[in-house]
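Engineer: My questions all concern the structure below.
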Amino acid sequence: MTEQLEQYILAHIDPEPHHLARLDRDTHVRLLYARMCSGHLQGRLLKMLVRMVNPCRVLELGTYSGYATQCLAEGLLRDDAHVDTIEIDDELEDFIRKHLACSPVAARITLHIGDAVDILQRLDRQFDLIYIDANKRDYVAYYDLAMAHLAEGGYIIADNTLWDGKVTDPAAHDAQTRGIRAFNDLVARDPRVERVILPLRDGLTLVRKKLLQEA
């Protein structure tokens, strides 16, 4: 996508809320790997997908700065709907909470700092939608974990599944690329799900867990 085309798209979709624009700017100024921030276009897509699915319980694996977290929460329609988000890097906690305090959807979000396996054991619930945007090396493990906590008919959204095109580069053998390839291969052959990959930004995979009668 060219810069000109991206700017055209951004001018013709819902505007980025002011508090998210501040968060995006602060992420780029204060945090390493700022390109991990979802940003305007992907953020509006995440909100729209949540609106379409209309989940009650949403789980995010990998909070980072909390931009996507707030977009997921913004899309919630049910009064009792909620987002649980898990971030393993405790050094990000102060940054995340600072921006959550300024967010109009803060009451719909619970931030958990720690290992996802331990936290999900404590939560002991299923989710209607799970967003995966964590360590690419461990995407297969995150997928298995997500499927174990995903309700029938629920959805997984996985970010970065094209990984700058490295998934098709025979010269790319780094651990993150190998992790994404293994994830994509696993999802492609999993009979429990339907799946599609969107070539948005760095690749976004949508997965639907089939109902028992569909399997």
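Engineer: Of the conditions (1) closer than 25 Å to D26 by Cβ; (2) surrounded by 18 or more Cβ atoms within 10 Å (Cβ to Cβ); (3) among the β-branched types (V, I, T), I130 satisfies every one except a single condition; which number is it?
Structural biologist: Exception for I130: condition (1).
Engineer: Hey, any hits in region 152-170 for a residue that's within 22 Å of F95 (Cβ to Cβ) and part of a loop (DSSP other than H, G, I, E, B)? Spell out how you get there, then give the answer.
Structural biologist: Here is the first cut: in region 152-170, the residues within 22 Å of F95 (Cβ to Cβ) are 159-160.
Imposing the further condition that a residue be part of a loop (DSSP other than H, G, I, E, B) reduces the set to 160.
The answer is yes, given that some residue of region 152-170 is within 22 Å of F95 (Cβ to Cβ) and part of a loop (DSSP other than H, G, I, E, B).
Engineer: Could you count how many residues in region 53-85 are within 16 Å of L123 (Cβ to Cβ), surrounded by fewer than 20 Cβ atoms within 10 Å (Cβ to Cβ) and either out of contact with any Cys (no Cβ under 8 Å at 6 or more places or on another chain) or touching a residue at least 60 places away in the same chain (Cβ under 8 Å) (or both)?
Structural biologist: 1
Engineer: Hey, another quick one. Among helices (runs of 4 or more DSSP H) lying entirely in region 45-130, which contain 3 or more residues that are touching a Pro at 6+ places or on another chain (Cβ under 6 Å) and β-branched (V, I, T)?
Structural biologist: On the way: elements: 67-74, 93-100, 116-123.
The helices (runs of 4 or more DSSP H) meeting that bar number zero.
Engineer: Anything in region 131-145 that is among the small types (G, A, S) and either outside any helix (DSSP H, G or I) or closer than 22 Å to K47 by Cα (or both)? List them, or say none. Don't jump to the end; show me each part of the working.
Structural biologist: Keep residues of region 131-145 that are among the small types (G, A, S), which gives 134, 141.
The answer is A134, and nothing else.
Engineer: Within region 152-179, restricting attention to residues that are surrounded by 17 or more Cβ atoms within 10 Å (Cβ to Cβ) and of a type in the set (A, V, I, L, M), which residue is nearest to L46 (Cα to Cα)?
Structural biologist: Out of the qualifying residues, it is I157.
Engineer: Also: Which members of region 1-44 meet the condition of being assigned to a loop (DSSP other than H, G, I, E, B), under 21 Å from the mean Cα position of the chain (by Cα) and farther than 18 Å from D202 by Cβ? Step through it out loud before you land on a result.
Structural biologist: Here is the first cut: in region 1-44, the ones assigned to a loop (DSSP other than H, G, I, E, B) are 1-2, 12-17, 31-33, 37-38.
Of the ones still in play, those that are also under 21 Å from the mean Cα position of the chain (by Cα) are 13-17, 31-33, 37-38.
Listed by number, the residues that qualify are I13, D14, P15, E16, P17.
Read-outs throughout are calculated quantities, based only on the coordinates presented, and are distinct from any laboratory measurement. This one's a predicted model, so the numbers in the text were calculated from it and none came from an experiment. Using ideal geometry, Cβ is built from the backbone for each residue, glycine included, and neighbour counts are taken over all protein chains shown.
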